[in-house]
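Data first, discussion second: the structure below is written as structure tokens.
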Amino acid sequence: MKILAGTSNLKLCKDIARNLKLKLVNTNITRFPDNEIYVEINENIRGNSIFVVQSTSNPVNDNLMELLICIDALRRSSAKNITAVIPYFGYARQDRKVVPRTAISAKLVSNLITDAGANRILSVDLHAGQIQGFFDIPVDNLFATPIFARHIKKNIKTNNLICIAPDVGGVERARALSRRINVGIAIIDKRRPTPGKSEVMNIVGNVKHKICVIVDDIIDSGGTIVNAAKALKDKGAKEIYVYITHAVLSGSAVDKIKESQIKKLIITDTIDNSKKIKISKKIEVISFAPMISEAIKRISNSTSVSSLFK
Ligand code: R5P
């Protein structure tokens with residue numbers, strides 16, 4: 001078993017390799033003058049099981065292409081099997097045709113990764129469960145819920161707490177978290193008048209005097225969460241904490257969070273944000289490295305991954 005690190009999140013790759021007491025595969029990932037990606041593997045990997053770790057985060061297209069080229073290099077170097085470990089799976093939000101004449105990019109990207117030569121996928125909090133079915137190879141999808149539940153129990157008093165789904169799509173996630181910490185849920189009725197803009201229409205549930213924990217898979221522009229926090233405060237919420245798996249944090253998202261009514265934003269390290277957030281005291285990062293490492297160990301030993309969540 002060997003770990004090959006893409007360049008999108010080196011810190012996470014190194015943490016995973018350290019947990020598994022493995023060295024990263026000696027690889028050169030560089031660019032041609034016109035920016036084409038060049039991957040060269042500098043050690044024998046014939047007959048090895050390789051886990052190639054790469055988040056397809058911003059710059060999404062470059063990181064995706066780098067993943068595909070790494071997989072192709074591994075296949076042509078006679079790796080026995082290749083697991084694409086994609087902590088953040090980009091393009092996941094285009095998982096169906098919401099309006100006519102649009103692409104289903106999540107399916108296209110799944111095809112590309114399979115065609116490149118991946119034999120298995122390991123990912124984290126896929127935006128929609130059905131993306132697993134876009135692949136015809138095994139997919140293991142890890143959940144942040146147990147990590148978030150542990151953090152909440154340790155850091156926030158749970159006797160006056162309520163879990164918030166920031167939109168209808170997030171109800172399953174909020175319910176899973178609420179079950180683990182034994183509290184109720186409220187649901188925000190969010191609309192998107194135009195792509196990238198969000199509006200809160202209604203809140204289903206009573207949040208007055210409550211400590212609200214909003215849970216979501218992605219924070220991108222920050223609009224969904226900042227608007228949700230404002231709406232909750234307007235309805236009398238006491239404090240607002242936000243737990244997000246994939247911190248895309250585009251544009252001025254970090255500033256929006258700083259100026260918002262959110263007490264604390266807790267994110268994971270599926271995307272490397274070390275440069276963006278080092279100035280913000282409101283944002284805390286918890287690591288997914290231990291869980292990804294454990295899942296890699298279990299895949300490699302052919303033992304259960306799902307039992308990690310029982
Ligand atoms: C949407 O379905 C996702 O779960 C997130 O709520 C969304 O991607 C967040 O985007 P933004 O931060 O730009 O509002």
Check: Antiparallel DSSP bridges in the chain: what percent, to the nearest 5?
Finding: 20 percent
Margin query: Among the listed pairs 235/310; 97/197; 263/310; 197/258, which have their C-alpha atoms separated by more than 26 angstrom in this model?
Written below: 235/310; 263/310
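My understanding is that a pair violates if its Cα-Cα distance is over 27 Å; which of 14/107; 23/281; 107/276; 21/282; 190/282; 11/190 do that in this structure?
Numbers: 14/107 30 Å; 23/281 33 Å; 107/276 30 Å; 21/282 33 Å; 190/282 24 Å; 11/190 35 Å.
Cα-Cα > 27 Å for 14/107; 23/281; 107/276; 21/282; 11/190; rest within.
Please give the contour-minus-distance gain from residue 158 to residue 77: 0.36 nm per residue of separation, less the Cα-Cα distance, rounded to one decimal in nm.
On the way: separation 81, 0.36 × 81 = 29.16 nm, distance 5.21 nm.
Result for the pair: 23.9 nm of gain on full extension.
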Item checked: Acute angle (nearest 10 degrees) that the helix 105-116 long axis makes with the longest principal axis of the chain, alpha-carbon atoms -> 20 degrees
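Hull surface divided by four, with the convex hull built on the Cα atoms of the stretch 145-286: how many nm²? Don't skip to the answer; put the middle values down first.
Values: hull surface 30.5 nm².
Across all orientations, the stretch 145-286 yields a mean hull projection of 7.6 nm².
Could you give the alpha-carbon Rg of the stretch 79-148 over 2.2 N^0.38 Å, rounded to two decimals? Could the numbers behind the result be given before it?
Details: Rg = 12.7 Å, N = 70, 2.2 N^0.38 = 11.1 Å.
After normalising by residue count via 2.2 N^0.38 Å, the value is 1.15.
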Note to self: Under 10 Å, Cα contacts only: if you run a Gaussian network model on the chain, which one of 264, 23, 278 comes out with the highest mean-square fluctuation?
What the structure shows: 278
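Report the semi-axes of the equivalent ellipsoid for the stretch 35-109 in whole Å, largest first, where each axis is √(5λ) for an eigenvalue λ of the Cα gyration tensor. Let's see the in-between values first.
Details: eigenvalues 160, 34, 21 Å².
Working through the eigenvalues yields semi-axes of 28, 13, 10 Å.
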Notebook entry, point to check: For the pair residue 105 and residue 238, how long in nm is the line joining their label points, each one 7 Å along Cα→Cβ?
Noted result: 4.1 nm
Item checked: For the chain: relative contact order, % (alpha-carbon pairs under 8 angstrom, 6 or more apart) -> 13 percent
Check: Quick one: what do you get for the chain if you divide its Cα Rg by 2.2 N^0.38 Å?
Finding: 1.02
Notebook entry, point to check: So which GluC sites (Glu not before Pro) in the stretch 24-107 pass both tests, a DSSP loop state and at most 15 other Cβ atoms within 10 Å of the Cβ?
Noted result: 36, 43
Note to self: If you split all Cα-Cα distances of the stretch 204-265 into 10 Å bins from zero, what percentages do you get per bin, shortest first?
What the structure shows: 24, 56, 18, 1
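Just to verify a number: FRET efficiency for residue 60 and residue 28, C-beta to C-beta distance, R0 = 25 Å, to 0.05? Working shown, then result.
Details: r = 23 Å, r/R0 = 0.90.
According to the calculation, E is roughly 0.65.
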Next item on the list: Could you pull out every residue, at least 5 positions away or on a different chain, whose amide H is within less than 5 Å of the one on residue 286? Hs are placed 1.01 Å off N in the peptide plane, and Pro or chain starts have none.
Entry: 267, 268, 269
Notebook entry, point to check: Label residue 306 and residue 259 with points 7 Å out from Cα along Cα→Cβ: what is the distance between them in nm?
Noted result: 4.7 nm
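Values quoted throughout were computed directly from the atomic coordinates according to the rules given, and no laboratory measurement underlies them. Only a predicted model underlies this, so the values are computations on that prediction, with no experimental measurement involved. Cβ sites come from the backbone with ideal geometry, for glycine too, and all protein chains shown count toward neighbours.
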